[in-house]
Structure formats: C-alpha cells, structure tokens
Amino acid sequence: MSNNNCMHGVAAEFADAQSLKAAAQQARDAGYDNVDAYTPYYVEGLSEILGERPGPGPYIVLIALFVGAGFFFWFQQFLNTQGYPFVIAGRPLNSWQSFTILTFEVGVLFAGITAALTMFVRTGLPQPYHPIFNAENIDLASSSRYFLCIRTTDPQFHLQKTTDFLTELGPLNVSEVTC
Amino acid sequence: MLKDEKPFRAAGQASATFESEARPWSTPGEVTNKVTSVIFRDTPLWWWFAFVVSLGLLGLYVVMFLSIAIRGTYLWGINVPVVWGMGIVNLIFWIGIGHAGTFISAFLLLMRQHWRGAFSRFAEAMTLFAVAVAGIFPLLHLGRIELFYYILPYPNTMILHPQFRSPLVWDSLAILTYATVSLIFWYIDLIPDLGAMRDKAKRLWVKRAYGAAAMGWRGESRHWSALHRTAYMLAAIATPLVISVHSVIGLDFAVAQVPGWHHTIFPPFFVAGAIFSGLAMVLIFAVLFRSGFGLSGLITDNHIDNAAKLMLVTGLIVTYGYLIENFAAWFTDHDYEVALAVERALGTYAPLYWGMIISNAVIIQALWFKRVRRNNTALVIISIFVLIGMWLERFVIVPVSLSFPYLESGWTTFQWTIWDVLTIVAPFGLFLVPMLLFMRFLPLLPIHETQQVAIEEGGHE
C-alpha cells in the first residue's frame, strides 16, 4: 500500500455477477462515467452497461490477413517468374494454384500475430502495477468476488457521496483505493 | 437424463449433459480453489517417477539427435527407394497428436460446445509440445541440419529462394504458422488463469513469478471483452489452419507419383487420422489427470464420453479411408496400385497392415457402447491401441508404399536399425518432460471458462 496522498477511486465488492451488473447499471444511471468492473471471468453484457465500446480490433485483423496473404502471393509469383525463374518438370513458372496454400498460411500467420497485438494494445498489458491492486480483497477478484470501482477522475466524484452511493447498492464491502 | 443425452447439442442446450452428475464445484470460487490446489499441493510420487523416466528418454533423445545430426541419416535404415523413413513417419505421427488440441480449443469453441473446457487447456499444451517434437524431425531428415534455413524464404543477395511449387516447402511454413498461432492462442487464454494463480499463491516470489507471467492481469471488464473477442478471432483462424496443416502433409504424398500416395483422398484422410490419434492422447491424459490429481469433478464422465464419441467418428472416417484406398486400387485396375494393395495385405508388411486395421478400425467399434465409453481403463487401452494403430498407418503409408515403386527391380523392404527404434521411442521424452512440468506449474483447466460454465449450469443467479 502506498501513501494516502492520492486516490484512485472507491471500490465496492459484490458476491455475484448479477448484483455487480445491477450495481453497474445503477452507477451508470446515476451519471457516473469513469466506472470500472473487475470480475473473475467474462461476464456477458457488463461491458455494454459500462459504456465500453469495442475497438477496431477485428477489422485490423482482417486487414492483416489480406495484407499477409496478398504479400506472400505476390512474393511467390515474383520469385518464380522474375526473381529466379527455373523450369521444373515443364510446369509453368506462374503456377498460381500451388501458391494458394502458402498464401493462406502466411495470411493466417499475419492475422494471428495481429490479433494478439491488438489485444495487448487495447488492454495496455503488460502493466505490472495498477492502483486497483490496493483495493481490499482484490485478490478474490480472480475467484469469487466482483468489484465495481468509481474513479476519482469522474466529474461527479465526491469521496463521501460516492462512498455512500456505493454502500446503498448493497455490496459486501466498500473500500477506498489509493494509488 | 443420461439416456437422453446427445453428443452434440445446439448452443444453450449443453447444460442437460451435466445435470446428472454430482459436482463438487458449483461456484467460481470453488472452481478456482480446485484447479489451483492441484499446483500448490505436494508433488505426487507418480509424478516424480514419470519425470525420471521421461528425463531418461530425453537423454536418449539427445544421443539420437546428436548422432544423426553429426554422423548422418545413414544411421537410419533408409535406402533407395525407401528414402523416407522414421523421420517422416514420426513427423506425421507427432503433428497428428497435436491436432486434437487445436481442434478441441478452436473448432469446438466456435461450435459453442461447453464440454471442451475440460480438455482445452491441456490439449492445447499437448499441441504445442507435440508440434515442437514434430518440427525437429524434418530438420533431422534434411541430413544437413546446419543448413535448415535454406527451406525458409530469408533475404539473400542472390534472391535465391525455396521452390514454392513443392509441398515440402509448404510444410515448413505451415508447421511454423501452426506452432506460432497455437502458442498465441494458448497463452492469451492462459493470462487470466495466471492472474488467478498469482492471487492464490502464498509465497511472494511465487506471486511475483505468476504475476509477471500474467502481465499484470486484473480482470477488468474492458480487458475481458478484448480477450473474449481475441479468443474468438484466433479460433476462427485456427480452425481452417489446423485443417490446412495436415492437409499440406497429405499433399506431400498426394502430389508425388508413387503408387499408394497419389490419391486425392489423402488430405482429408490425414486430417481425420490426425484428430483421431490426438483424441486418443487427450483421453489418456484426461484419465490420468482425473485419477492422478482428483479432478473427476471437473473432467466428468460426460466429458470423457463426448471425447470418446468424437474419437469414434474420426476413427470411422479413417476406416472409410482404408476402404477407399483398396477400392481405388481395384476400381482403377492400375497394375502398381493393385500390386501394392496385395503386397500391403499379404506380403512382408502384412502384420503391420493388419495390426493397423485391427487397432484403428476394429477395436474402436467398442466405443459404440456406453459402458465402454464410461470405463476409464477400457478407454485408456483403446486409446493406446489407436496410438499404435495410427503410428502403423503412417508406417504403412511411408516406407511400405515406397518399397514398391514403378521400377520393379527396385522393390525392397525397409531394414530396421537401432536408430530407427530410438527415433520412435526417444521423442516421448521430449514430449513428456514439458508436459509433466506443465501439469505441475500451470492450471490444467481454463479456470475462467470453467467458472462461467459453473455459473451458467449451476443455476446461480
């Protein structure tokens, strides 16, 4: 725990996903925008409640797929027709049918690597430290507890009022999160 | 409930298969405790025993590898015309073992089959290690292992590149792509579970190690949606990829003008055989984990039953392949195809051929019966037969077909050497050592996914 000079927000701890979702909805209805939720597994619909928009990831991956595939098709065709033309068994130099397989493989390779990169860019991982790790019981967020955290950056944030608001939502515990 | 169950259900209906079994886990917390406790408890004695044996095999592998790399491929019993021997037979065998992992983790994810969660993590780990084992064989088979980079299109001043019209070059890139995408897929799915391990660890340095591996995962909902989407995208590209890899290996043969190889059925036949043998390995490990680590509540009889049914399906496709091979010989009335079919079934190699038929086509028929599918011992025995049978199949395809080329004066038989035997046995060390380390240090099941299933099916609203 670091010193209390700076605060990240106020976190509320819930026992199940349903209460968390209900609380998140109420926090959004009350006008809070800078709200984060921490859950042990993927809770469907939670992101939408918190107003988190999906990124352009899939489109970037699709583009990477075509770039990889296009590049390698061109590459094979260039090498066989201009780079080092070599006739084997009388087969035509530009036998595009046999290039299709590696076109697919390299497209998939580009797409797979891009998919991983987009995820890391989107999540900001690896990030060894985050203030939420100072919240009470946060080590249960990977197994049995669900956390809702309203950050101090929220225009509506007021330490006492926000703490009271979260307490009214019926959590197991409310704690201040230092940074 | 058991009587009504079906192997494949539409999305959202999968829950019925779980109801009949008493589960010791129904809340996310219990799932996490169960899976992580496997790692934090004392190492069982059988693990040490297996580890020592595997290390011994790994030592043999090092000896085999160095000998063949330094002294040359003449140590193997290969000759002309049997130019492809154990290097290729084992490449196909091991890469096939890997296929079930991707099939379970990617294809069944897209099909929304919840039961895959019980297998996906360790099957995917199996994929990684099996592909690593497989990838080394072609390098050994090259004979000049120090020049392995010649098969890759690396930049060089002469613009001299591999011949992209050859299936052998396709192999190298297909396998590399497969290994890369499998590793990414496996690791992305592992990140939240490494976070759970960090939270459950008691000692500081253990916490730090898992925390670093988890990259500081904190379970934020934004991160979950990113992970969820990435997993689906990777599954969508890994599914055609896994089909393509063994198809390319099938094409290595189908493209060549050798009796017994030049069949259009080879690519799909190879893919089915790969998933068939991979499922056999998955079942062996599943039974081992259930009894060895007390995970029968997480890997249930129903899960095993489903995987066994899948093994039966792929086995029947393989059986169809055997029929078609012989049918093609009879139907085309091609002299050399007929001669090969007769030699295969009645000649010197006949015991291997019939061993393959018995293992892959006859014994698996027992899987039609639920009593067999629910009997772990029987399943392990059948799976071992499948593994042996599938290895024999690759032997029958590679050296046996090569023994009967168009030039009849070249007809020969494969001559075994001790190095051939080592090439079969020793790679198990290279496979089992990382597999055993994996089961001691990383969660065997995807914790977050099992939690989700527990919530959805346990009725905890």
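With the structure loaded, tell me whether A:His158 is more than 7 Å from every other protein chain (Cβ to nearest Cβ) and either under 20 Å from A:Asp33 (Cβ atoms) or at pLDDT 85 or above (or both) or whether it fails that test. Yes; evaluated as a whole, the condition is true for this residue.
Only one residue in B:Leu190, B:Leu142, B:Leu176, B:Leu147 is surrounded by fewer than 20 Cβ atoms within 10 Å (Cβ to Cβ), more than 9 Å from chain A (Cβ to nearest Cβ) and within 27 Å of the chain's Cα centre (by Cα), so which one is that? After ruling out the rest, the residue left standing is B:Leu142. Could you check A:Phe66 against (1) in contact (Cβ under 8 Å) with a residue 24 or more places away in the chain; (2) surrounded by 14 or more Cβ atoms within 10 Å (Cβ to Cβ) and say which number it fails? Evaluating A:Phe66 over (1) in contact (Cβ under 8 Å) with a residue 24 or more places away in the chain; (2) surrounded by 14 or more Cβ atoms within 10 Å (Cβ to Cβ) leaves (2) as the failure. Among the residues of this structure, B:Leu109 counts as one that is surrounded by fewer than 24 Cβ atoms within 10 Å (Cβ to Cβ) and assigned to a helix (DSSP H, G or I). B:Ala426 meets the conditions (1) within 12 Å of chain A (Cβ to nearest Cβ); (2) under 30 Å from B:Met64 (Cβ atoms) in every case but one. The failed one is (1).
For region B:207-217, does any single residue satisfy the condition of being facing another protein chain (nearest Cβ under 8 Å), among the aliphatic types (A, V, I, L, M) and farther than 24 Å from B:Gly117 by Cα? Spell out how you get there, then give the answer.
Initial filter on region B:207-217 (facing another protein chain (nearest Cβ under 8 Å)): B:211-212, B:215-217.
So of that shortlist, the ones also among the aliphatic types (A, V, I, L, M) come out as B:212, B:215.
Restricting the remaining residues to those that are farther than 24 Å from B:Gly117 by Cα gives B:212.
Looking through region B:207-217, at least one residue is facing another protein chain (nearest Cβ under 8 Å), among the aliphatic types (A, V, I, L, M) and farther than 24 Å from B:Gly117 by Cα.
Return yes when B:Leu204 is over 28 Å from B:Ile249 (Cα atoms) and more than 8 Å from chain A (Cβ to nearest Cβ) and no when it is not. Break it down into steps so the answer makes sense when it comes.
Values: over 28 Å from B:Ile249 (Cα atoms): yes; more than 8 Å from chain A (Cβ to nearest Cβ): yes.
For B:Leu204, the condition - over 28 Å from B:Ile249 (Cα atoms) and more than 8 Å from chain A (Cβ to nearest Cβ) - is met.
Under the condition of being under 20 Å from B:Ala454 (Cα atoms) and in contact with a Pro (Cβ under 9 Å, 6 or more places away or on another chain), which residue from region B:297-319 is surrounded by the fewest Cβ atoms within 10 Å (Cβ to Cβ)?
Of everything passing the filter in region B:297-319, B:Gly297 is surrounded by the fewest Cβ atoms within 10 Å (Cβ to Cβ).
Residues in region B:388-410 that are surrounded by fewer than 20 Cβ atoms within 10 Å (Cβ to Cβ) and in contact (Cβ under 8 Å) with a residue 24 or more places away in the chain: B:Ile388, B:Tyr406, B:Leu407, B:Gly410. The condition of being closer than 16 Å to B:Ile284 by Cα and part of a helix (DSSP H, G or I) holds for only one of B:Ala378, B:Ala345, B:Ala361, that being B:Ala378. In summary, B:His246 fulfils each of the numbered conditions (1) more than 30 Å from A:Ala69 (Cα to Cα); (2) assigned to a helix (DSSP H, G or I) with the single exception of condition (1). Taken over region B:151-173, residues that are surrounded by 15 or more Cβ atoms within 10 Å (Cβ to Cβ), facing chain A (nearest Cβ under 7 Å) and of a type in the set (A, V, I, L, M) amount to 1.
The values are calculated or read from the model by the stated rules, or taken from the named source; none is laboratory data. Nothing here was measured: the structure is a model prediction, and the numbers come from that model. Reconstructed Cβ throughout: ideal geometry from the backbone, glycine too, with neighbour counts over all protein chains shown.
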